[in-house]
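Notes follow the structure.
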Amino acid sequence: RAHFERLREDAVVAIALTGALLIGAAFVLVHHSLRPLRRLVRFARRMGDRPGETIDEPGDSLEIVQLTQALNDASRALRAQLDAARASEIRLGTIVDAAPDAILGFGPDGRIAIASPAAASTFGYEPQDLVGLPVELLVPELAGDVAETRTLAGTFMRSSGTHVTRWESQAQRL
């Protein structure tokens, strides 16, 4: 009887050890299998800081390979979009700087986002000093939503999705 009791205790210990070993092996296997996914997550999180960078992740599964390709494509597309936006900003800056008329560009908050050099003679401020000022400080008739309403009634430029309008006004020089 004592012998059977000892065998039963040994069997319980063996089953417990086997279960612990299986759980440990499963943990190691899952941890190892998820390693490429963790690297891809880190890459995706820093993509905004390093657009255009790619990652070479030789995954063991088709899904990891496809995700790697998709993230690399997205990173290259982000780089291309940022380059196009910078080129567009440079072109816009060249046009604004060369214009003989005062040009003001407004942000969504109604504050001046860009100003042409000609705006200095019109408003008495250097262009960089105009940036951030509320537009109604210079053109009181454009207070509130009036500037947005008049701009939206202007010419719609389809390629950029923006509206452009021209109006003449009596400016207030400070």
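The values are calculated or read from the model by the stated rules, or taken from the named source; none is laboratory data. Quick caveat: nothing in here was measured; it's all calculated off a predicted structure. Cβ atoms come from the backbone with ideal geometry, glycine included; neighbour counts cover every protein chain shown. Quick note on the areas: whole protein, heavy atoms, side chains included, nothing else; ligands and nucleic acids left out. Shrake-Rupley method; radii C 1.70, N 1.55, O 1.52, S 1.80 Å.
Does residue 106 meet the test of being in contact (Cβ under 8 Å) with a residue 40 or more places away in the chain and open to solvent by less than 40 Å² (accessible area, probe 1.4 Å)? So residue 106 fails the test. Looking for something farther than 30 Å from residue 116 by Cβ, out of contact with any Pro (no Cβ under 7 Å at 6 or more places or on another chain), hydrophobic (A, V, I, L, M, F, W, C) and in a loop (DSSP other than H, G, I, E, B) - is there at least one such residue anywhere in the stretch 61-84? Checked the stretch 61-84: no residue is farther than 30 Å from residue 116 by Cβ, out of contact with any Pro (no Cβ under 7 Å at 6 or more places or on another chain), hydrophobic (A, V, I, L, M, F, W, C) and in a loop (DSSP other than H, G, I, E, B).
All of 60, 83 fail the test of being touching a residue at least 24 places away in the same chain (Cβ under 8 Å), open to solvent by 40 Å² or more (accessible area, probe 1.4 Å) and farther than 30 Å from residue 145 by Cα, apart from 60. Among the residues of the stretch 14-60, what is the count of those that are part of a loop (DSSP other than H, G, I, E, B) and aliphatic (A, V, I, L, M)? Number of matching residues: 2. For the stretch 1-48, filtered to residues that are open to solvent by 80 Å² or more (accessible area, probe 1.4 Å) and aromatic (Phe, Trp, Tyr), the residue that is nearest to residue 66 (Cα to Cα) is 27. Looking at the structure I just gave you, is residue 98 among the small types (Gly, Ala, Ser) and open to solvent by 70 Å² or more (accessible area, probe 1.4 Å)? Considered against the rule, which asks whether it is among the small types (Gly, Ala, Ser) and open to solvent by 70 Å² or more (accessible area, probe 1.4 Å), residue 98 comes out as yes.
When every residue of the stretch 112-126 is checked against the conditions, at least one turns out to be open to solvent by 70 Å² or more (accessible area, probe 1.4 Å) and modelled with pLDDT of 85 or more.
Residues that are within 19 Å of the chain's Cα centre (by Cα) and either surrounded by 16 or more Cβ atoms within 10 Å (Cβ to Cβ) or within 19 Å of residue 34 (Cα to Cα) (or both) within the stretch 63-78 comprise 70, 71, 72, 75, 78, listed in sequence order.
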